[in-house]
Amino acid sequence: MRGKFISLEGGEGSGKTTAIHFIRQWLESHNISYILTREPGGTPLAEEIRQLILTPREEPVNNATELLLVFAARAQHLAEKIQPALDKGTWVISDRFLDSSYVYQGKARGGDTKVLDQLASWVVGDNKPDATLVLDVPVELGQERVVQRQHQDRLDKESVLFHQKVRDGFLECASADPLRVRVIDASLSLDAVQKQIEDQLMQLSKTWSGDE
Ligand SMILES: Nc1ncnc2c1ncn2[C@@H]1O[C@H](COP(=O)(O)OP(=O)(O)O)[C@@H](O)[C@H]1O
Ligand SMILES: [Mg+2]
């Protein structure tokens, strides 16, 4: 049986890494085999591409360059890590995936949705996540949570307006595909966020066991 593929989405400081920790506990308590991974990255080559994308640099990065690098990393990640795991029945939990491209390279940078659709269909095809949890927080709260972070990457350094577009973009992904994309109110306490995530995982696993 094919494993399930779950992606986590949301802006910086929304709580994706924290959510992955909760999901890991849930998977272990249900004896489900899983791998945790992230985008851009996830394999040695894709992690090298991640550095190219995220390292702050003086040379302006062309939007098409950024978009193609993200999809280049994704092609490698899918072929070398995600697909083999799913084929073995292992669940894959990814910190960011395809929705981030629609939101960052599409909505926030103004990339053409038709181009994104074509790249998605070529590179990702049927390997879309079975479920996506969007961690939603107001931009200011996300930024407050990461102020202590030493290291700010090229996208973290974008304007508040950019991050507002990112938040709106993820909420649009959820309204466009509400069955797959579930919004978690991540502005609440850690306990309340954990509870929402567990509720979603219970619902999803019920739906999935009904499919079989
Ligand atoms: N619900 C929450 N309430 C308070 N602090 C939180 C909450 N979720 C995450 N944090 C804290 O906010 C910071 C950013 O969370 P993190 O999970 O690293 O976000 P992301 O991976 O989306 O950037 C971390 O210090 C984390 O401990
Ligand atoms: Mg994180």
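The values are calculated or read from the model by the stated rules, or taken from the named source; none is laboratory data. Just so we're clear, the structure is a prediction, and the values are computed from it rather than from any experiment. Virtual Cβ from ideal backbone geometry, glycine too; neighbours counted across all protein chains shown. These accessible areas exclude ligands, DNA and RNA; they are computed on the full protein's heavy atoms, side chains included. Shrake-Rupley method; radii C 1.70, N 1.55, O 1.52, S 1.80 Å.
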Discussion item. Yes or no: the stretch 106-126 includes at least one residue that is among the hydrophobic types (A, V, I, L, M, F, W, C), within 15 Å of ligand 1 (Cβ to nearest atom) and out of contact with any His (no Cβ under 9 Å at 6 or more places or on another chain).
Written reply: no
Worksheet entry | Options Arg74, Arg96; residue that is at pLDDT 95 or above and within 16 Å of ligand 1 (Cβ to nearest atom) | Arg96
Response to the item:
Only unsatisfied item for Gln150, checking (1) part of a helix (DSSP H, G or I); (2) open to solvent by 30 Å² or more (accessible area, probe 1.4 Å), is (1)
Practice prompt. For residues that are more than 16 Å from ligand 2 (Cβ to nearest atom) and out of contact with any strand residue (DSSP E or B) (no Cβ under 8 Å at 6 or more places or on another chain), tally how many sit in the stretch 18-34.
Written response: 6
Worksheet item: Which members of the stretch 178-187 meet the condition of being open to solvent by less than 60 Å² (accessible area, probe 1.4 Å) and either away from ligand 1 (no atom under 11 Å from the Cβ) or part of a loop (DSSP other than H, G, I, E, B) (or both)?
Response: Arg180, Val181, Arg182, Ala186, Ser187
Discussion item. If Leu190 meets every condition in (1) open to solvent by 60 Å² or more (accessible area, probe 1.4 Å); (2) free of Cβ contacts under 8 Å to residues at least 60 places away in the same chain apart from one, which number is that one?
Written reply: (2)
Item to complete: For Asp156, indicate whether it is more than 30 Å from Asp87 (Cα to Cα), open to solvent by less than 80 Å² (accessible area, probe 1.4 Å) and either part of a loop (DSSP other than H, G, I, E, B) or out of contact with any helix residue (DSSP H, G or I) (no Cβ under 6 Å at 6 or more places or on another chain) (or both).
Response: yes
Item to complete: Restrict the check to the stretch 122-141 and report whether at least one residue is closer than 17 Å to Lys16 by Cβ, in a helix (DSSP H, G or I), open to solvent by less than 20 Å² (accessible area, probe 1.4 Å) and at pLDDT 95 or above.
Response: yes
Worksheet item: Restricting the first residue to the stretch 8-34 and requiring it to be closer than 10 Å to Asp136 by Cα and open to solvent by less than 10 Å² (accessible area, probe 1.4 Å), which pairs with a second residue that is more than 7 Å from ligand 1 (Cβ to nearest atom) and of a type in the set (Ser, Thr, Tyr) meet a Cβ separation below 7 Å and a spacing of at least six or different chains?
Response: Glu9/Ser100; Glu9/Thr132
Worksheet item: In this structure, is Thr37 surrounded by fewer than 20 Cβ atoms within 10 Å (Cβ to Cβ) and either within 13 Å of ligand 2 (Cβ to nearest atom) or not hydrophobic (A, V, I, L, M, F, W, C) (or both)?
Response: no
